[in-house]
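Only one structure is covered here, and it is reproduced in the block below.
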Amino acid sequence: MTDRWLYSWALGSVAFGGASLLIPLYIVQLGASPVELGVLAATAAVIGAPGAILFGKLANRVGHRRPLVLSTLSIVALALAVVPLVTSIAAVIVANAALWLFVASIAPVVTMLVVDDSPESAWSERIGQLNKYQGYGWAGGLVLGTVWPFVGAQLVGATAVTRVLFWLLAACAAASVLGAARSLPRPTEEDHVTSDREVRKVARLLSSSRRGIKGATFAFSPNRLYWTMQSFHPQRLRGRLNPALVTYLAAAVFFFTGSAAFWAPLPLFFTELNFDSGQVFALYLASSLGSAVLYERAGQFAGKLDIRLLQSGALAARGLLFPAVALITGIGGVTYGLGVSGVGLAAIGATWAFIAVVGTAIVTRLAPPAIRGEILGVHTALGAVSGGIGGVLGGWAATVGYLFAFGVAGGLVLLGAGLVVSLRALSGGEDATRTPDNAAGDRPDAVAVPASEREHRSVDAE
């Protein structure tokens, strides 16, 4: 009975996944410029951060959790029903920001719900179960966007296809509200995650886990920021950041920014090549699945191979693929470009699986144990800021030319790869985490991530 609400949440995730690409395609239809598309991507990337922190604090009270979930699903349903009636690009950007504010903010709440009333030993399994439902739902939204243009054109006519797809996604969100209202648990304060100590336990688990299916196309998770910030104490960072860690964080800024700069103008690029919305959805689905199927394998490789070379190799491949896919797709046009783009974006998604998994391992290894929680929070916050900057940068660069924009994106990722490959401490036996005031990592106040949690394979509930 307790798990029935996950089916409703999966149905709501169909709406989330479909909206993630449908709204950018819609403002392209309205005549949006690359800069406006970049602003849309940038606001969606950063808007969830303050919301996740606010919702997470509210969710510390068990009685708030159910209303927060129901209100979020209701607002998503309303937004998706109204957006296709709006013809102002600025208004759509604002509506999109509001939608993603709630979608991103609710993630800590559903994480608390899924571990409620479960023993701590079962939390990993429960979070993995949440991700399974949410991941399949998100992918289902991309599948619906892929199939609907072919079916919808026959049923409602080509001119109404996009508008009706919005309403189908709104119907999914509305149905999820009804299902969740009937199945969401009505917990009491007893035997649920409410104390600061319990929240920190969940935080340590979530902050070391992997990204979800949407991580292939969206670099930042506000949910991860919320959980990693639970143990964040800025004063403890003073004097404890070793050079290797600073170098890796700088590399992360470059490859997060480059990745966001690539994805921001991509819908307009495909549209101008005369790809229809179903084909664009299919390409994004290929990228998402390309990463999702390799998270487990990436973790296995990370345990056997040199993580410095593994990470820098994945980044180098990603950096080269960004402009290469655009160039070859442009030459091939619709006839051959679709197949080339599908293979290329699947490969780009595959690189992200390694970047996300190995990146967590690198930060865990380089961060002194006593401040590991804080460093994970800094790493995630850098992803948020870089995602916003990258979205705007990608939109601006695309006004010069798409090949230039994707070249800039690839160059930033390659610069990050160069910094990673310079970290020889990751390949050797040096203790990169040692600092003058931290000769050992077993102090009582250390925020260490147990080995069993570092090897956790389920993706985080974004």
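The values are calculated or read from the model by the stated rules, or taken from the named source; none is laboratory data. Just so we're clear, the structure is a prediction, and the values are computed from it rather than from any experiment. Virtual Cβ from ideal backbone geometry, glycine too; neighbours counted across all protein chains shown. Please note that ligands, DNA and RNA were not included when accessible areas were found on the heavy atoms of the full protein model with its side chains. Shrake-Rupley method; radii C 1.70, N 1.55, O 1.52, S 1.80 Å.
Out of the range 1-24, which residues are surrounded by fewer than 24 Cβ atoms within 10 Å (Cβ to Cβ) and closer than 12 Å to residue 268 by Cα?
Result: 21, single match.
Only one residue in 346, 316 is within 30 Å of residue 154 (Cβ to Cβ), surrounded by fewer than 22 Cβ atoms within 10 Å (Cβ to Cβ) and in contact (Cβ under 8 Å) with a residue 12 or more places away in the chain, so which one is that?
346
Results for (1) of a type in the set (Val, Ile, Thr); (2) modelled with pLDDT of 90 or more; (3) buried (at least 16 other Cβ atoms within 10 Å of the Cβ), shown as yes or no for each residue.
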residue	(1), (2), (3)
54	no, no, no
59	no, no, yes
65	no, no, yes
97	no, yes, yes
108	no, no, yes
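Can you say whether residue 128 is crowded, with 24+ Cβ neighbours inside 10 Å, part of a helix (DSSP H, G or I) and not basic (Lys, Arg), as far as the supplied structure shows?
no
So which residues in the range 70-95 are under 18 Å from residue 171 (Cβ atoms), of a type in the set (Val, Ile, Thr) and crowded, with 19+ Cβ neighbours inside 10 Å?
Result: 72, 76, 83.
Hey, among 405, 370, 381, which residue is open to solvent by less than 20 Å² (accessible area, probe 1.4 Å) and either more than 24 Å from residue 269 (Cα to Cα) or at pLDDT below 95 (or both)?
370
Is it true that residue 44 is part of a helix (DSSP H, G or I), modelled with pLDDT under 90 and of a type in the set (Gly, Ala, Ser)?
It is true that residue 44 is part of a helix (DSSP H, G or I), modelled with pLDDT under 90 and of a type in the set (Gly, Ala, Ser).
For the range 298-313, which residues satisfy the criterion of being surrounded by fewer than 20 Cβ atoms within 10 Å (Cβ to Cβ) and in contact with a Phe, Trp or Tyr (Cβ under 9 Å, 6 or more places away or on another chain)?
Across the range 298-313, the qualifying residues are 301, 313.
Restricted to the range 157-197, and to residues that are farther than 30 Å from residue 28 by Cα, assigned to a helix (DSSP H, G or I) and open to solvent by 60 Å² or more (accessible area, probe 1.4 Å), which residue is modelled with the highest pLDDT?
Here the residue is 178.
Between 269, 255, 275, 281, which is assigned to a loop (DSSP other than H, G, I, E, B) and open to solvent by less than 40 Å² (accessible area, probe 1.4 Å)?
275
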